[in-house]
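Have a look at the structure below before the remarks.
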Amino acid sequence: WVLSPEVFHSPHNLPGSLRLYLAFIVALTVSTTVLLGSMLHHFAESSASHARGKKVVQQTSIPALIKEYSLLLTVGSTMYCSIYFWCLSVFEDHSSLAYRVASNFFVDGAGKDFAWISAGFYTSVLALSFFHPFEGKTNYNFSNRIALMLASIGGFGGFAGVGGVALIIAADLMDITSLFVSNLLFNYAFQEYCAFVIVSLLGSYSFFFGLGSILHIIYYIQQKDNPEAWKCQPRRWLSYADHRHEILLGTFNISIASILAGSLGYKVYRDQWSLLYFDFDGYGYLYLIGSIPVLFAYTEAIAYYVHRTFHRRQLYKMFHKWHHRYKAPTAFAALAMHPVEYFCYQTLLLLPVFVVPLHIFVYGGILTYLYYFGMIDHSGIQFASWFPWQAPSIYHDDHHKYFHCNFGQNTVFFDKMHHTLRKVNKEYGESKFHSENKGPGHTRLQSFAY
């Protein structure tokens with residue numbers, strides 16, 4: 001009856017029932033929260049006391065109370081929001097909901113209704129604070145409680161007025177937001193855009209978690225007891241914290257990249273916002289075939305030179321050190337790097353589609369190749385490729401083990417050209433940067449054969 005549409009339309013038909021009901025709900029919610037917190041706190045302190053063999057004296061302070069009660073106030077705010085959304089679902093005329101809420105709660109009686117609710121909240125908190133333990137440096141005595149109680153009572157009027165205005169504004173904003181979101185969701189162009197982004201996210205997640213999980217299950221779980229047979233570094237394993245870190249960081253990077261890729265795909269599909277083309281004979285078959293090795297060479301060049309640039313002392317400490325946290329990486333580490341570094345790679349990988357014509361299958365195929373072997377090379381598992389140009393996985397695993405060498409991604413070409421391939425019997429370390437560790441006769445040292 002209290003929330004029936006007929007009564008709600010007329011503020012004068014509400015003889016305080018709604019405000020008393022809400023005050024009761026607030027008091028009950030806060031009381032339950034405080035009592036539960038007290039029980040858990042007493043249990044924890046009791047266990048600690050028994051463990052130490054002495055009694056713990058509980059002390060409280062005003063700052064501690066303010067901190068605790070600020071958290072409890074969130075409970076009341078959450079309840080108000082839930083009631084508001086409940087009203088949204090009950091009443092069909094959403095456009096006048098803000099007026100109805102304002103009329104029933106704040107206009108009639110000059111904030112008296114909200115004061116009832118505030119009174120229920122503060123009374124329950126202050127009453128239960130006599131039984132609730134708080135930690136602090138200063139004893140929380142009875143006079144402190146009286147002062148806080150008087151301050152809260154004196155603030156009812158102002159709190160009600162501010163709260164009333166805030167709820168009216170919030171109601172209007174929610175109405176506007178709901179209207180905007182509903183119009184947006186039924187917009188066909190927005191639906192197309194969302195489809196591109198969702199497909200991009202699902203495809204990336206499937207590849208990342210699918211391949212990473214398969215390798216992890218087959219090797220790191222089923223063959224964990226025999227690492228010498230398959231692991232690049234049999235005596236070194238990632239800690240749980242590092243393994244979790246590489247998954248979370250890689251997921252973050254791939255999520256941002258997938259959203260951007262989906263957005264770009266939508267613009268390409270809708271507005272031809274690039275030089276990608278879809279017909280195989282658009283530029284002739286010779287151009288189509290020739291673009292494959294050229295694009296691959298470009299990706300390998302940026303992988304080497306950008307990677308080596310990030311191994312400069314300052315850039316390494318600021319950015320690339322994130323990636324070298326994983327000294328015995330797994331496949332999930334392939335994308336686990338500082339977002340700034342990841343953005344640099346992604347930008348340079350996107351650049352060709354705006355500069356030269358590329359077939360969609362050529363560009364997509366090269367990216368898939370890089371993605372796949374990037375995870376394989378970081379897997380920490382001994383793999384050898386059927387492709388003669390593709391270096392074995394231990395080539396990049398050694399980069400994580402020895403740090404400032406083996407900067408290439410898929411081939412050893414640029415490392416051989418710049419004499420940065422790992423040298424036999426040479427001492428490496430994270431603090432021994434390549435440019436500072438060449439030494440006499442560096443180029444004449446024997447390189448490791450991959």
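Of the helices (runs of 4 or more DSSP H) entirely within the stretch 290-384, those holding at least 3 residues that are closer than 16 Å to Gln409 by Cβ occupy 339-350, 360-377.
Of all residues being among the aliphatic types (A, V, I, L, M) and surrounded by fewer than 16 Cβ atoms within 10 Å (Cβ to Cβ) in the stretch 321-380, which is nearest to Leu249 (Cα to Cα)? Just the residue, please. Restricting to residues being among the aliphatic types (A, V, I, L, M) and surrounded by fewer than 16 Cβ atoms within 10 Å (Cβ to Cβ), the top hit is Val340.
Taking the listed residues Leu276, Leu260, Leu264, the one that is at pLDDT below 90 and surrounded by 14 or more Cβ atoms within 10 Å (Cβ to Cβ) is Leu264, with no other qualifying. Among the residues of the stretch 372-385, those that are touching a helix residue (DSSP H, G or I) at 6+ places or on another chain (Cβ under 8 Å), of a type outside the set (A, V, I, L, M) and over 8 Å from Ala334 (Cβ atoms) comprise Tyr372, Ser379, Gly380, Gln382, Phe383, Ser385.
Of the residues making up the stretch 194-215, not a single one is at pLDDT below 95, more than 26 Å from the chain's Cα centre (by Cα) and in a helix (DSSP H, G or I).
In the condition set (1) open to solvent by 60 Å² or more (accessible area, probe 1.4 Å); (2) in contact with a strand residue (DSSP E or B) (Cβ under 8 Å, 6 or more places away or on another chain); (3) hydroxyl-bearing (Ser, Thr, Tyr), Tyr205 is compliant with all but (2). Criterion first (without any contact (Cβ under 8 Å) to a residue 60 or more places away in the chain, under 28 Å from Ser200 (Cβ atoms) and either touching a strand residue (DSSP E or B) at 6+ places or on another chain (Cβ under 8 Å) or charged (D, E, K, R) (or both)) does Asp225 satisfy it? No; evaluated as a whole, the condition is false for this residue. Checked across the stretch 290-310, the condition of being in contact with a strand residue (DSSP E or B) (Cβ under 7 Å, 6 or more places away or on another chain), at pLDDT below 95 and surrounded by 18 or more Cβ atoms within 10 Å (Cβ to Cβ) holds for no residue. Among the residues here, Pro392 qualifies as surrounded by fewer than 18 Cβ atoms within 10 Å (Cβ to Cβ) and either touching an Asp or Glu at 6+ places or on another chain (Cβ under 9 Å) or at pLDDT 90 or above (or both).
The values are calculated or read from the model by the stated rules, or taken from the named source; none is laboratory data. Every value quoted in this text rests on a predicted model; they were computed, and no experiment measured them. Neighbour counts are summed over all protein chains in view; Cβ atoms, including those assigned to glycine, are modelled from backbone coordinates with ideal geometry. Note: areas computed on protein heavy atoms with side chains; ligands, DNA, RNA excluded. Shrake-Rupley method; radii C 1.70, N 1.55, O 1.52, S 1.80 Å.
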